[in-house]
Amino acid sequence: DPKIIQKPKYLVAVTGSEKILICEQYLGHNAMYWYRQSAKKPLEFMFSYSYQKLMDNQTASSRFQPQSSKKNHLDLQITALKPDDSATYFCASSQDRGDTQYFGPGTRLLVL
Amino acid sequence: AQKVTQTQTSISVMEKTTVTMDCVYETQDSSYFLFWYKQTASGEIVFLIRQDSYKKENATVGHYSLNFQKPKSSIGLIITATQIEDSAVYFCAMRELITGNTRKLIFGLGTTLQVQP
């Protein structure tokens with residue numbers, strides 16, 4: 001059974017719209033993260049949460065908002081979508097903030 | 001500045017041989033953690049192996065091992081007895097312990113490994 005679930009797997013959106021990317025982990029971890037992978041760029045850290053509290057925000061834009069309704073959930077809301085937001089978004093988790101991070105399968109977002 | 005560099009864009013090897021992938025990093029911290037992940041053709045990112053900077057012994061997990069050369073800020077990944085299924089993109093990553101964002105993984109651009117039958 002998958003330990004980290006991301007939904008949807010693929011997402012096509014129009015410019016200016018809003019989407020929510022879902023992430024749930026069943027590893028019993030306390031820390032969760034979002035990363036973005038764009039073409040020809042390294043995986044880029046976006047946010048980290050620990051015990052449902054935002055710890056780090058490395059995104060320059062307020063259009064990206066993480067949301068944690070439960071300890072094992074960390075969704076990512078993206079508003080006013082732009083074509084440059086097209087990327088694969090990976091959720092990750094770790095036991096605590098210092099531990100090895102494990103990645104979900106990713107959500108591939110295409111903004112037209 | 002924190003940085004991870006993988007200079008090899010792609011490598012092709014024959015099955016059952018040994019391959020080494022290079023990675024150099026830059027950090028101001030005296031303590032840090034180094035990781036190798038692989039990304040499969042389906043896009044899945046899988047954790048492989050980790051080296052803590054304060055440990056002198058090179059980490060080994062299955063047919064993966066590390067060549068950690070701290071004075072050279074280098075952490076090479078060695079895969080022995082390669083299999084077709086090892087074909088993937090391999091990422092080196094670093095996390096600092098003390099300064100900056102200690103939860104953030106900094107990734108290199110990756111090395112594509114192709115294992116030929």
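The values are calculated or read from the model by the stated rules, or taken from the named source; none is laboratory data. Please read all numbers here as calculations on a predicted model, not as lab measurements. Ideal geometry is used to build each Cβ from the backbone, glycine not excepted, and the neighbour counts take in all protein chains shown. These area figures cover heavy atoms from the full protein model, side chains too; ligands, DNA and RNA do not enter into them. Shrake-Rupley method; radii C 1.70, N 1.55, O 1.52, S 1.80 Å.
A few notes on this one:
- When A and B come together, around 1700 square angstrom of accessible surface is lost from both chains combined, probe 1.4 Å.
- Accessible carbon and sulfur surface of region B:1-66 relative to its total accessible area, %, 1.4 Å: 50
- Solvent-accessible area per residue in region B:13-117 equals 46 Å², computed with a 1.4 angstrom probe and all protein chains kept.
- Residue by residue along B:105-114, Cβ atoms of other protein chains within 10 Å of the local Cβ number 3 on average.
- Averaged over peptide A:42-50, the number of partner chain Cβ atoms lying within 10 Å of each residue's Cβ comes to 5.
- Taking all Cα pairs closer than 8 Å and separated by 6 or more residues, the relative contact order of chain B comes to 37 percent.
- Where only alpha carbons of chain A are counted, the Rg and the Dmax (Å): 13.1, 38
- Magnitude of the charge dipole, chain B, Cβ model with Lys/Arg +1 and Asp/Glu -1, debye to 20: 300
- Cα-based convex hull volume of the protein assembly as shown per residue, rounded to whole Å³: 128
- Residue-normalised convex hull volume from the C-alpha trace of chain B: 95 Å³ per residue.
- Put the Cα centre of region B:6-52 next to the Cα centre of region A:54-112 and the gap is 23 Å.
- Within region A:1-89, GluC sites (Glu not before Pro) in DSSP loop having at most 15 other beta-carbon neighbours inside 10 Å: A:18
- Per-peptide average of other Cβ atoms within 10 Å, ordering B:89-95, A:46-52 highest first: B:89-95, A:46-52
- Against the criterion of solvent-accessible heavy-atom surface with a 1.4 angstrom probe, A:70, B:16 sort, most first, into B:16, A:70.
- With every protein chain in place, region A:1-79: carbon and sulfur % of accessible area (1.4 Å): 51
- For residues of A:102-110, the mean tally of beta carbons on other chains within 10 Å: 3
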